[in-house]
1. Taking a quarter of the surface of the convex hull around the Cα atoms of region 336-494, what do you get in nm²?
2. For region 92-223, what does the equivalent ellipsoid look like in terms of its semi-axes, each the square root of 5 times an eigenvalue of the Cα gyration tensor, given largest first in whole Å?
3. Using the structure shown, select from LYS290/LYS416; LYS158/LYS489; LYS326/LYS416; LYS190/LYS303; LYS290/LYS373 the pairs with a Cα to Cα distance greater than 30 angstrom.
4. Can you give me the three principal axis dimensions of region 166-229 from its C-alpha atoms, in Å, biggest first?
5. Rounded to a whole number, what is D in µm²/s for region 373-461 from Stokes-Einstein with the Kirkwood radius over alpha-carbon pairs (20 °C, 1.002 mPa s)?
6. I'm a student and want to see the number: the projected area of the Cα convex hull of region 434-504, averaged over all directions, in nm².
7. Which chymotrypsin sites (Phe, Trp or Tyr not before Pro) in region 402-435 pass both tests, a DSSP loop state and at most 13 other beta-carbon atoms within 10 Å?
8. Apply 1/(1 + (r/R0)^6) to the Cβ-Cβ distance of VAL146 and LYS489, taking R0 = 35 Å, and write down the FRET efficiency to the nearest 0.05.
Amino acid sequence: MKSRICQLFQSQPMFNPKKQAHILAYSHLTETQKARGRILKLGISAAESSVVGYNCESKAFWDAYQVFDEVSEWDVVSASAMISRFARCQRHMETVYLFLRMLMLNIRPNEFTFGTVINSSISLSDLNSGKQLHGCATKLGLQSNVFVGSAILDLYAKLSSIEEAQRAFEDTHEPNVVSYTSLICGYLKKERFDDARWIFQAMPGRNVVSWNAMIAGYSQMGHNEDAVNLFIHMLREGLVPNQSTFPCAISAAANIAALGMGRSFHACAIKFLGNLGVFVSNSLVSFYSKCGSMEDCLLVFNKLPERNVVSWNSLICSYAQNGRGKEALDFFQKMQSLGPQPNSVTLLGVLLACNHVGLIEEGYSYFNQARLKNPSMLRPEHYACMVDLLSRSGNFHEAERFICDLPFDPGIGFWKALLGGCQIHSNMELGELAARKILALDPGDVSSFVMLSNAHSAAGRWHSVSMIRQEMREKGMKRVPGCSWIEIKNKVHVFVTADRRHSERVEIYTILRSFLEHVTENQVSKSLIESYTQLYDYNSFFPKGIIQEAPV
């Protein structure tokens with residue numbers, strides 16, 4: 001195990017105390033040297049915690065290393081305290097390094113040491129080191145300890161297979177709520193919802209953290225209705241939600257556009273929390289924007305006592321996604337003068353705003369500013385947004401050249417953006433090129449066939465449409481039906497294409513056909529009515545006479 005961890009750090013030039021100690025701690029050198037002198041005089045005692053704390057908080061880490069090397073009388077308590085302070089400062093590589101130094105000094109780690117260093121290996125996404133720490137703990141007979149076992153379980157649940165996580169759970173003696181919650185998170189990550197729910201119901205002493213894990217897991221995996229129901233069940237159980245509960249529940253309500261439900265959650269947050277805090281408020285800004293209630297979105301933002309970059313990003317992206325690009329750009333200007341430093345998400349929101357209102361020159365300007373002043377801010381998403389901006393506006397020559405000049409190989413998203421513009425402007429030649437590129441990268445991509453078929457349909461090239469649909473049938477491809485929903489009296493009604501399951505489908509389709517029949521001024525509307533009638537086959541779908549009796 002020592003050789004593996006040694007290799008991990010031999011390649012890191014940062015671990016050279018003689019060369020970098022004073023570079024990293026120059027401004028604090030005098031105080032640190034005084035602290036070192038005191039610790040040498042006092043011996044190893046409670047003084048270590050404060051000295052190490054001082055070193056960690058003042059960023060004089062290398063002086064702390066030298067203290068560790070120079071003092072030979074460390075015990076497991078003082079060494080573990082030092083390792084723990086480095087971990088709390090998010091210095092995880094140094095944490096593992098100090099654990100190695102601890103072993104070299106023949107100091108036997110305890111369960112708290114292993115719990116800390118295994119969590120550091122998780123933060124580093126280093127499964128191999130984590131497995132070696134697991135082996136070391138097993139050799140010392142600590143693998144069944146609840147602190148060590150819970151950390152090992154979390155390691156495998158996040159970085160490896162759920163089966164290994166299960167074995168770690170079974171090896172843990174008297175697992176606690178942390179152990180159960182880590183296993184639940186592992187099941188949810190692998191989309192094993194029945195197993196997660198079974199463990200959740202069977203676990204002793206469920207607390208707010210367990211409920212938060214369930215709500216967040218269901219929401220993040222797209223099971224938003226289940227997440228909302230879990231939150232309601234939590235309230236009925238009498239548990240008090242905290243600052244971490246509400247963002248998950250509100251985000252789930254936002255994803256299904258349940259405006260009434262989300263407003264109830266907002267009121268509930270005010271009742272239980274009083275001060276909502278920036279995280280809850282940011283989730284409310286996103287919630288109201290996804291539901292289209294921009295007045296409430298802006299009201300929540302204006303009431304924020306403290307706004308971070310996420311707050312501004314949420315507002316800018318909200319206005320951009322709701323088609324109010326100019327207002328989004330106005331808020332971006334305010335952010336630059338009043339708010340924090342914009343980041344890559346801010347730039348993406350600004351480019352989306354330019355995209356929605358067709359501000360090509362402004363979009364180019366913002367993109368080039370970032371490329372010249374802060375190129376590290378740019379991500380593939382920003383380049384894809386520029387391709388979308390150019391192709392939607394019909395500037396296909398510039399879009400194609402932009403793709404050719406990319407500093408990396410374009411993925412499917414770039415060609416789909418180009419194909420979307422070709423569909424809008426009926427550019428068949430370039431659209432077929434984009435479709436071929438997409439199918440070369442992913443032969444089973446259904447959406448590219450559908451988009452190309454729609455482009456041919458808009459241009460009236462019905463033979464090409466027929467050929468594309470025939471090819472889809474031969475390859476066994478099925479179009480994923482579109483889905484929409486609306487909330488009425490706190491009940492969400494979900495619809496798919498050609499939906500015939502809704503209890504009021506007769507009235508819905510009758511009203512829709514009535515609307516179409518009133519718009520007969522041009523050929524487009526006539527073709528719409530004709531295709532609509534063929535799609536739903538009214539003569540066979542509705543009993544004769546129902547259409548006449550239904551209210552219009």
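1. Working: hull surface 52.3 nm².
Hull-based average projected area comes out at 13.1 nm².
2. Working: eigenvalues 154, 45, 28 Å².
Over the Cα atoms of region 92-223, the ellipsoid semi-axes are 28, 15, 12 Å.
3. Details: LYS290/LYS416 24 Å; LYS158/LYS489 40 Å; LYS326/LYS416 26 Å; LYS190/LYS303 39 Å; LYS290/LYS373 32 Å.
Checking Cα-Cα distances, LYS158/LYS489; LYS190/LYS303; LYS290/LYS373 exceed 30 Å.
4. Projected onto its principal axes, the Cα set of region 166-229 covers 35, 22, 14 Å.
5. Values: Rh = 13.1 Å.
For these conditions, the coefficient is 163 µm²/s.
6. Numbers: hull surface 27.7 nm².
The orientation-averaged projected area of the Cα hull of region 434-504 comes to 6.9 nm².
7. On the way: sites: PHE402, PHE408, PHE414, TRP415; in loops: PHE408.
Those satisfying the criteria are PHE408.
8. Numbers: r = 48 Å, r/R0 = 1.37.
For VAL146 and LYS489, the calculated efficiency is 0.15.
The values are calculated or read from the model by the stated rules, or taken from the named source; none is laboratory data. These numbers were taken from a predicted model, which means no experiment stands behind them. Cβ atoms come from the backbone with ideal geometry, glycine included; neighbour counts cover every protein chain shown. Each accessible area value is taken on the protein alone, full model and side chains, heavy atoms only, with ligands, DNA and RNA left out. Shrake-Rupley method; radii C 1.70, N 1.55, O 1.52, S 1.80 Å.
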